[in-house]
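What follows is a single structure, written as structure tokens, with notes after it.
The values are calculated or read from the model by the stated rules, or taken from the named source; none is laboratory data. Here the structure is a predicted model, which is why all the values come from computation and not from measurement. With ideal geometry, Cβ positions are generated from the backbone for all residues, glycine too; neighbour counts draw on all protein chains shown. Just so you know, the surface numbers come from the protein's heavy atoms only, side chains and all, with ligands and any DNA or RNA stripped out. Shrake-Rupley method; radii C 1.70, N 1.55, O 1.52, S 1.80 Å.
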Amino acid sequence: MAGKKERQRRLAREHYQRQETKRAQRARRLRTGTIAGVAAGVVVALAIGGFLVFSGNGKPASASATPTPSISAPASAPATPSPAAAAVAEPATHCAYTPNGTAARSAGFPPAKPDYKATYQASIVTNRGTVVIDLLNSKATCTVNSFVYLAIKKYFNGTNCHRLTTSGIFVLQCGDPTGTGGGGPGYKFANENLAGARYTAGTVAMANAGPGTNGSQFFLVYRNSLSLPASYTPFGTVVKGLGIVQNVAKAGTDNANAPGDGHPKDKVIISRVTITRT
């Protein structure tokens, strides 16, 4: 009897370890620049030169000189943001943008002094319809400052949303003019708004390749993805058009990175991003 109980405990431990390993693999894949492919059967998510995320070509972040933004779920408990990543006091009155690789599209650097009192709304106009986002300027000032700047500079115009995940985490990743998941604006900046961050449906967050590597890539959460660690700056909330992203997700992915992780079958092209002060 004792031998049987010991065998059952051992099998239970092995099952738990396998599950933890799978969760860890998912979490590693959500970094900036590129939504890296996940191990077969496991899907992890996105990043904007800064999303949440893996490269669209399925290559890991180390495949290029500049780390690829990506998004991934944790193996066990969500990672605690490092002090450096969460050090910015909000609303920020000064932003630091530092050089980071070659810009996928020339846009320059955002102003160091943000308009931290402003209230912004962004409209992402795509071939599938328009997604409207309330930007969280009082909580992620430097991130919003960068996003607004890039939108005004037409950085996102004519770009594809290069990654869709439909298993494990549920995001559409955009913001890379190269469409590969490896492109960014040529600068990086710190994480913000991570305390208590949860990635519920409608959250808009930055993809990254680690703390302080935000750029231009971002992801839209179309279904609760609560397994994601608080590592990706939430900077907006979808207030209109979430159904557009959900319909794209229903059409599925080409599984270019792994099952349930690849390019959206229904191609999403951003024609422009317009910014409105509300």
Revision key, fill the gap. Across all Cα atoms of the stretch 184-235, Rg and the largest Cα-Cα distance (Dmax), in Å, are 10.6, 31
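Using a Förster distance of 35 angstrom, determine the FRET efficiency expected from the C-beta separation of residue 6 and residue 201, and round it to 0.05.
0.20
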**Study point:** Heavy-atom surface of the stretch 105-233, accessible at 1.4 Å and reported per residue (Å²)
**Key:** 32
**Study point:** Hz values of 3J(HN,Hα) by residue in the stretch 137-148 - Karplus curve (6.51, -1.76, 1.60), Gly and Pro given as x
**Key:** 5, 7, 10, 9, 4, 6, 5, 5, 4, 5, 4, 4
Review point. Can you give the percent of C-alpha pairs in the stretch 127-217 whose distance is more than 23 Å?
Key: 21
Revision key, fill the gap. HN-Hα couplings for the stretch 223-228 via Karplus (6.51, -1.76, 1.60; θ = phi - 60°), in whole Hz with x for Gly/Pro, come out as 8, 3, 10, 6, 7, 5
**Study point:** Order of exposure, largest accessible area first, which applies to 146, 106, 227 with probe 1.4 Å
**Key:** 106, 227, 146
Check your understanding: Under 5 Å between amide H atoms, partner at least 5 residues away or on a different chain: which partners does residue 253 have, H built in plane at 1.01 Å?
Key -> 265
Check your understanding: In the structure shown, do any of 154/250; 188/240; 154/240 have a Cα-Cα gap over 27 Å, and if so which?
Key -> 154/250; 188/240
**Study point:** Nearby aspartates and glutamates by direct alpha-carbon distance to residue 265 (threshold 17 angstrom, same-chain neighbours under 8 apart not counted)
**Key:** 254
Review point. Can you give the FRET efficiency for residue 274 and residue 237, using 1/(1 + (r/R0)^6), R0 = 25 Å, r = Cβ-Cβ distance, to the nearest 0.05?
Key: 0.90
